Amino acid sequence: MKKIVTMQDISCVGKCSLTVALPIISAMGIETAVIPTAVLSTHTMFSGFTFHDLTSQIRPVMDHWEKEGFDFEAVYTGYLGSFEQLKLAEELFERFGQDRLKLVDPCMADNGKLYAGFTKEFAQSMKLLCNKADIICPNLTEASFLLDIPYTEEYDEEYIRDVLRKLTEGGAKKAVLTGISMTKGQLGAYAYDREADQFFFYEAGEEPEHFHGTGDIWASTFLGAMVRNKGFEESIRIACDYVRETIHVTLAEENHNTYGVNFEQTIPYLLERLQK
Ligand code: PXL
């Protein structure tokens, strides 16, 4: 059975990070090992969330795994809460990511703003981790902080291509910008493969609301599809389609959660989509 490892927090309520990565990647038929970086009562969009740091456990977990000889097809990092955790993520890549697929989702910002607790300096350190990845998948806000350029919602194709080129200048082989719209009523992902010097863009219909945690769902689905050998472009399509369908189904529920989407309901859709 294929196996991946993902390093990110557990937000006990909120449907993001590990509480979506674990079920989605597992449902895709891939064993999912986890390195929980922190336990939060909710994700940070709620006020009053609790936070318990687990940094001290990360290296001992890696030491044990190395003794056991565990090997993973892919290593995936999501939300990381400190400079020290960024360094430990680099160590995870060095110890378990040699010749393996390394995905960095630089979770730290959206809608033009950094999430609570993050700084511009943190974004610059996140850039160093991105440079070690095979694939990175920021949204445009995260990309702007990584490149230290102003965030804009007024963009054209040339601008997006320029951002993608710059994102891969430091060493990342491929970059995927999520949440990009080139046509009104459509939303998708714009990707760049630096080695092939090739761009790829995919749009699916845009749903009328945006939700927290969909970036994590996108990254988990994309990685699952990559590990299932769907290829770079088809994996992007699968992740976009699953997120769009999930938001659609969520909005169809009258009293739906506002803090996260009903991804559980659309897992059958995802598994069917994978067979297409
Ligand atoms: O979805 C990204 C994410 C992950 N983990 C925590 C978060 C967020 C976004 O706000 O707060 C704790």
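Express in whole angstrom the spacing between the alpha-carbon centres of the stretch 213-276 and the stretch 46-82.
Using only Cα atoms to place each centre, the spacing works out to 24 Å.
In the chain, what percent of the accessible surface is made up of carbon and sulfur (1.4 Å probe, ligands and nucleic acids excluded)? Write out the running numbers ahead of the final one.
Numbers: 6000 of 12270 Å².
Heavy-atom surface of the chain belonging to carbon and sulfur, 1.4 Å probe: 49 percent.
Can you give the FRET efficiency to the nearest 0.05 for Met182 and Phe49, using r as the Cβ-Cβ distance and R₀ = 35 Å?
Details: r = 36 Å, r/R0 = 1.02.
Efficiency, rounded to the nearest 0.05: 0.45.
Where does the stretch 43-165 land on Rg(C-alpha)/(2.2 N^0.38 Å)? Show your work: numbers first, answer last.
Numbers: Rg = 16.0 Å, N = 123, 2.2 N^0.38 = 13.7 Å.
Against the compact-globule rule of thumb, the ratio is 1.17.
Where does the Debye-calculated log10 I(q)/I(0) of the stretch 182-276 sit at q = 0.10, 0.15 Å⁻¹, using only Cα point scatterers of equal weight, no solvent?
Listed by q, the Debye log ratios stand at -0.27, -0.59.
Project the alpha carbons of the chain onto their principal axes and report the range along each, largest first, in whole Å.
51, 42, 41 Å, listed from the longest principal axis down.
Select from Gly224, Gly29, Gly78 the residue whose mean-square fluctuation is largest in a Gaussian network model of the chain (Cα-Cα springs shorter than 10 Å).
Per the Cα network of the chain with a 10 Å cutoff, Gly29 tops the list.
Skip the ligands, DNA and RNA, and give the accessible area per residue of the stretch 3-274 with a 1.4 Å probe, whole Å².
Values: 11720 Å² over 272 residues.
For the stretch 3-274, the per-residue accessible area is 43 Å².
What full-extension length gain, to one decimal in nm, is calculated for Tyr151 and Leu128 as 0.36 nm per residue of separation minus the Cα-Cα distance? Before the final figure, lay out the partial values.
Details: separation 23, 0.36 × 23 = 8.28 nm, distance 2.01 nm.
6.3 nm is the gain from fully extending Tyr151 to Leu128.
The values are calculated or read from the model by the stated rules, or taken from the named source; none is laboratory data. From a predicted model like this one, the values you see are computed outputs, not experimental measurements. Note: ideal-geometry Cβ built from the backbone for every residue, glycine included; neighbour counts use all protein chains shown. The area values use the complete protein model at the heavy-atom level, side chains included, leaving out ligands, DNA and RNA. Shrake-Rupley method; radii C 1.70, N 1.55, O 1.52, S 1.80 Å.
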